[in-house]
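Here's the structure we're looking at; comments come further down.
Every number in this text was worked out from the coordinates using simple rules, so none of it is lab data. What you are looking at is a predicted structure, and each value in this text was computed from that prediction instead of being measured. We place every Cβ from the backbone using ideal geometry, glycine too, and count neighbours over all the protein chains shown.
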Amino acid sequence: MDLFIQNAWAESAAAPDAGILNLVMLVVLFVVFYFLLIRPQTKRAKEHKKMVSSLAKGDEIMTGGGILGKIINMDDDYVTIEIATNVQIKVQRQSVSTVIPKGTIKSIN
């Protein structure tokens with residue numbers, strides 16, 4: 001009958017420090033996640049917010065979709081960029097991913 005029923009083995013009593021050890025491991029895991037995931041993400045978000053707030057007319061930018069253009073007009077929420085001669089588009093300020101060095105657009109064309 002041992003074929004269908006597995007043997008039950010008795011376990012020794014757990015050490016009283018096992019609960020504290022589990023708590024310490026949980027705290028260590030949270031600290032690792034904080035330094036590897038949460039902190040870098042908040043740092044990038046802070047840098048992006050600073051970059052978006054410092055945009056000015058005449059800056060050459062790249063949007064999140066990869067569109068290169070020069071800022072010609074700015075509102076509170078939107079930026080009008082010129083992507084070609086007499087071709088203007090309006091994008092949200094938050095969609096600007098980077099400010100590129102001046103003259104980059106001319107060197108690409």
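So here's what we get for this one:
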{"item": "Candidates Met25, Met51, Met74: whichever shows maximal mean-square fluctuation once the chain is modelled as a Gaussian network with Cα springs under 10 Å", "result": "Met25"}
{"item": "Among Asp59, Asp75, Asp17, residue whose mean-square fluctuation peaks in a GNM of the chain (springs only between Cα atoms under 10 Å)", "result": "Asp17"}
{"item": "0 to 90° range, to nearest 10: angle between helix 39-53 axis and the chain longest Cα axis", "result": "20 degrees"}
{"item": "Phi-based couplings in Hz for segment 70-76 (Karplus 6.51, -1.76, 1.60; Gly and Pro marked x)", "result": "10, 6, 10, 7, 9, 10, 5"}
{"item": "CD proxy at 222 nm, helix term only [per DSSP H run n ≥ 4: -39500 (n - 2.57); per residue of the chain; nearest 500]", "result": "-10500 deg cm²/dmol"}
{"item": "Integer Hz, Karplus 6.51/-1.76/1.60 couplings in order for segment 59-66, x for Gly and Pro", "result": "5, 9, 10, 10, 7, x, x, x"}
{"item": "Anchor Lys49: lysines whose Cα lies under 25 Å away (excluding residues fewer than 8 positions away in-chain)", "result": "Lys57, Lys70, Lys90, Lys102"}
{"item": "Helix axis angle, 18-33 relative to the chain longest principal axis, alpha carbon, degrees", "result": "10 degrees"}
{"item": "More than 22 Å apart - percent of Cα-Cα pairs taken over the chain", "result": "58 percent"}
{"item": "Cα-centre dipole for the chain with unit charges at Cβ (Lys and Arg positive, Asp and Glu negative), debye to 20", "result": "820 debye"}
